[in-house]
1. Could you check segment 82-135 and list, in sequence order, the residues that are hydroxyl-bearing (Ser, Thr, Tyr) and either within 21 Å of residue 30 (Cα to Cα) or outside the structural domain of residue 12 (by TED's automatic domain parsing) (or both)?
2. Mind listing just one residue for me: the one in segment 187-205 that is surrounded by fewer than 17 Cβ atoms within 10 Å (Cβ to Cβ) and not in a helix (DSSP H, G or I) and, of those, modelled with the highest pLDDT?
3. Among the residues of segment 335-357, are any assigned by TED's automatic domain parsing to the domain that holds residue 238, crowded, with 20+ Cβ neighbours inside 10 Å and over 30 Å from residue 71 (Cα atoms)?
4. Among all residue pairs at least 6 apart or on different chains, which show Cβ distances below 7 Å where the first residue, located in segment 143-160, is among the β-branched types (Val, Ile, Thr) and the second is in a helix (DSSP H, G or I)?
5. Determine whether residue 335 is in contact (Cβ under 8 Å) with a residue 60 or more places away in the chain and either within 24 Å of residue 130 (Cβ to Cβ) or touching a Lys or Arg at 6+ places or on another chain (Cβ under 9 Å) (or both).
6. Any residue at all in segment 245-263 that is in the same structural domain as residue 420 (by TED's automatic domain parsing), of a type in the set (A, V, I, L, M, F, W, C), farther than 26 Å from residue 161 by Cα and assigned to a loop (DSSP other than H, G, I, E, B)?
7. Exactly one condition in (1) out of contact with any Leu (no Cβ under 8 Å at 6 or more places or on another chain); (2) assigned to a helix (DSSP H, G or I); (3) at pLDDT 85 or above is not met by residue 438; state its number.
8. Can you tell which of 428, 402, 410 is at pLDDT 90 or above and over 22 Å from residue 301 (Cα atoms)?
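The values are calculated or read from the model by the stated rules, or taken from the named source; none is laboratory data. All values reported here derive from a predicted model rather than from experimental measurement. Reconstructed Cβ throughout: ideal geometry from the backbone, glycine too, with neighbour counts over all protein chains shown.
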Amino acid sequence: MSGKLSVKEKVSYGLGDMASHIGLDNVIIFLTFYYTDVVGLPAVFVGTMFLVARIADAIVDPAMGLIADRTQTRFGKFRPYILWLALPFGISCLLVYAVPESLSLTGKMVYASVTYCVMMLMYTAINIPYCSMGAIITPDNTQRISLQSYRFFLATLGGAMSTFLMMPLAEMMGGGNKLDGYFGAMAIMASIAVVMFLLCFLNTKERISAPPTHENFLSDLRDLVRNDQWRVVAALIFFNISFGVVRLGAMMYYVTYYLGHASYFMWLLAAHIIGKSLGSMLVKPLTRNRSKLSAFSLCAVLTGALSMAIFFLPAWISLLVGMTLLVSTFYQVTTTLMWVMMSDVVDYGEYKQGKRMDGTVFSTLLAILKMGMAVSGAVVGWTLGLSGYVPHATQQNPAAMLSIIALFSLVPGVLSMFSALSMRWYKLNDATMKKINQSKITPERVPEPQATLNTQESA
């Protein structure tokens, strides 16, 4: 059960997240502009729709996890959802970019609300089983780190595909018609995503299985909250995702008003994407001679310190591109290890409570992630509004300018430091996880390693 995973299986698993990011990153980056500038929907309505849908999506997540945990098929517990939902997910992404031009403004608003909610529901339904699979493909911690490294490297490539190819494809497919262009571009993107999901299904295997031990939904949730390591990782996830959302949310304002050139956005975005790719590749060598706990703490501190240092830098694009590259590299290391820790929480819960809840654990932690995205995204808007920010102004007032710089540098830096601080209470070090995994293959239960559980493994 602890055998080494093939490169083919690691790549195939990563293709699943690449497919997700081809669809989701596209929606995150381009959908607001599509709704406001192409379809003509009011910006206030679009913002409100996104916030409400994201909060509702976070509420639905645990239910999907509970359902997935109770699934038993010849294909496994989580893999079937990738097969069943690959095409519906692709179609839902396409429908989002198919707002009929003939509808009234109210009709367009209703259509946008329904199709966006359906798309997010499909994303939840396929993504939660996909993420949960990472915990049952292998019990080996080294292989889990390698698996997640492949996953996030390919996920970054998927996001880059959406970022850099969407607009050229839209112009090529639509000619002078933007509605047709966006629809055609998404048709290509969605088709690629469907194929990737199918390859993920065909070339992966679930190696960890556990008999159904679940009583009811409320019992599972109660046991989950009692899992102290779930609570630690939940806090870690909230701070980690908030770092990324606040920083990226402020980036366009930063380059437009502080650097003075909106065109610099693509430079910083490219540095961000390259940094994420490098970070995904750095995880495995970084954890070769040190524990994942110390690697996470080190990179979280470096991410926070470098981010806060940007606050004091002059408006030199070459310097800021370099700093963005470094920050994104170290941030990606923490993000990758965060998902490994989520898998460890599943094993720890099974060890302590006698029931395995992969779907429940991942779905609730993803709900925390989405709540972090919603709250931190709102914080960006609220901070700008309270500081007196004026859209399209040639020059912002000092308070607004200070807020923009702080949102891109100081605020994310503090959030990253909180992520590092959370490691103080994380006790699932490498030695502990080995003992937990050993307990699964021995006739008698291994006594809980109290001394190990209360100390962190040093580098």
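1. 92, 97, 111, 113, 115, 116, 123, 124, listed by residue number.
2. The selected residue is 203.
3. Taking every residue of segment 335-357 in turn, none turns out to be assigned by TED's automatic domain parsing to the domain that holds residue 238, crowded, with 20+ Cβ neighbours inside 10 Å and over 30 Å from residue 71 (Cα atoms).
4. Matching pairs, first to second residue: 145/283; 145/284; 145/292; 145/340; 156/273; 156/276; 156/277; 156/280.
5. Details: in contact (Cβ under 8 Å) with a residue 60 or more places away in the chain: yes; either within 24 Å of residue 130 (Cβ to Cβ) or touching a Lys or Arg at 6+ places or on another chain (Cβ under 9 Å) (or both): yes.
In short, yes.
6. Taking segment 245-263 as the starting set, the residues that turn out to be in the same structural domain as residue 420 (by TED's automatic domain parsing) are 245-263.
Now narrow it down to the ones that are of a type in the set (A, V, I, L, M, F, W, C): 245-246, 248, 250-252, 255, 259, 262.
Cutting the leftovers down to farther than 26 Å from residue 161 by Cα gives us 259.
Restricting the remaining residues to those that are assigned to a loop (DSSP other than H, G, I, E, B) gives 259.
The answer is yes, given that some residue of segment 245-263 is in the same structural domain as residue 420 (by TED's automatic domain parsing), of a type in the set (A, V, I, L, M, F, W, C), farther than 26 Å from residue 161 by Cα and assigned to a loop (DSSP other than H, G, I, E, B).
7. Single failed check for residue 438: (3).
8. Working: 428 fails: over 22 Å from residue 301 (Cα atoms); 410 fails: over 22 Å from residue 301 (Cα atoms).
Testing whether each residue is at pLDDT 90 or above and over 22 Å from residue 301 (Cα atoms) leaves just 402.
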